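For reference, the structure discussed in these notes is given below.
The values are calculated or read from the model by the stated rules, or taken from the named source; none is laboratory data. Every value quoted in this text rests on a predicted model; they were computed, and no experiment measured them. All Cβ positions, even for glycine, are placed from backbone atoms using ideal geometry, and neighbour counts span all protein chains on display.
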Amino acid sequence: MIPLTRRFTLRGDCMLPVLEPGDEIWVRPGPLGDAAGRLVAYGRFSDGVPELAVHRLLADGRTRADARLSCDPVEENAAFMGRVVAVARGGRVAALDCGRGRAWDLFCRLYARAFMARRASLFHARARE
């Protein structure tokens, strides 16, 4: 039996450069298991309004957006839906569960980390001035 996969369209830019606004993501529900470092989708409440969030699951169980310096608040009311298994952009679908997709995701994660580290150092340098 093939697990059901649901598709959603993203609106936010917190996962740049991996995901862009307007990208379509495919989410496979189920246990997260060894999903540390992978993209996960979850429902959360923001100002009392439910919304879908896609962030990276960290080894300690917290989540963080690639384009943000800090982790999501622990007290955030979230319900995990599943892992992001594919991304569609411009008519092309990139599967994240295959070797090439995992390599692309790793590259984007390292690129985002380097970009955010540079951004943080520039911010601290300006704060000292």
In the stretch 87-100, the residues that are surrounded by 11 or more Cβ atoms within 10 Å (Cβ to Cβ) and modelled with pLDDT of 85 or more: 87, 88, 89, 93, 94, 95, 96, 98
From 4, 16, residue being over 25 Å from residue 117 (Cβ atoms) and assigned to a loop (DSSP other than H, G, I, E, B): 4
Of residues in the stretch 23-52 being among the small types (Gly, Ala, Ser) and touching a residue at least 40 places away in the same chain (Cβ under 8 Å), the one surrounded by the most Cβ atoms within 10 Å (Cβ to Cβ): 41
Residue among 72, 97, 34 that alone is within 20 Å of residue 117 (Cβ to Cβ) and either acidic (Asp, Glu) or not in a loop (DSSP other than H, G, I, E, B) (or both): 72
Within the stretch 53-76, considering residues that are surrounded by fewer than 16 Cβ atoms within 10 Å (Cβ to Cβ) and touching a residue at least 40 places away in the same chain (Cβ under 8 Å), the one nearest to residue 108 (Cα to Cα): 68
